[in-house]
Amino acid sequence: MLIKHRPLDDFGLARSMRDFDDVVRTFFNESPVAAQPWTPAVDIAETEHELVVKADLPEVKAEDIEVKVENGTLTLKGKREFEKKDETKGFHRIERSYGSFVRAFTLPDSIDAEKIDAAYTNGVLTITLGKKEIAKPRTVKVNVQAA
């Protein structure tokens, strides 16, 4: 019997770990679609007037997303459901995670919690947080009286 030699460097450590994970799951009869925690990728950018948070939430329904600002913390919650269609005979591989997620970010003191807006388009959640009006420096003219 011949066995093809597949050294680790041929296809990378990440793939090897996924393959090993698949073998362990199969051995313990664990469903690969079990509700595993997942963390959506997030970009945070700042301009002079606002803080913008963008989160990748593909195939998450808008009604399954919650955005909350409380005590200086921005919290994103949601869930992505696994939808198995009847016409699908079986999966060869499932690598995407499903289930609930929570992300929390401490906001700087310059953010005005009343100035928040959220939009969800093409699987990207964009949260815009306005900054507080900063007190502008004031010049006061001092009148000097001769004595």
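Quick look at the values:
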read-out	value
Gained length - ARG96 relative to VAL124, 0.36 nm times residue gap less alpha-carbon distance	8.4 nm
Solvent-accessible surface ranking, highest first, for ARG96, ARG103 at 1.4 angstrom	ARG96, ARG103
Label point at ASP112 placed 7 Å out along Cα→Cβ; residues across region 53-71 whose backbone nitrogen lies under 18 Å	53, 69-71
Calculated FRET efficiency for the pair VAL140/ALA41, C-beta based, R₀ 35 Å, to 0.05	0.10
Principal axes of region 92-147: Cα extent on each, largest first, Å	94, 21, 17
Approximate spin-label separation HIS49-ALA62, in nm, with each point projected 7 Å along Cα-to-Cβ	2.4 nm
Nonlocal amide H pairs with ILE111, under 5 Å, H built at 1.01 Å	LYS132
Largest to smallest accessible area among ASP109, ASP43, ASP64 [probe 1.4 Å]	ASP109, ASP43, ASP64
Rounded, prolate or oblate (a/c below 1.5 giving rounded, otherwise prolate when a/b exceeds b/c) for region 38-147 by Cα gyration tensor	prolate
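The values are calculated or read from the model by the stated rules, or taken from the named source; none is laboratory data. Not measured: the values here are computed from a predicted model. When we count neighbours, we look across all protein chains shown, and the Cβ atoms used for this are built from the backbone with ideal geometry, even at glycine. Please note that ligands, DNA and RNA were not included when accessible areas were found on the heavy atoms of the full protein model with its side chains. Shrake-Rupley method; radii C 1.70, N 1.55, O 1.52, S 1.80 Å.
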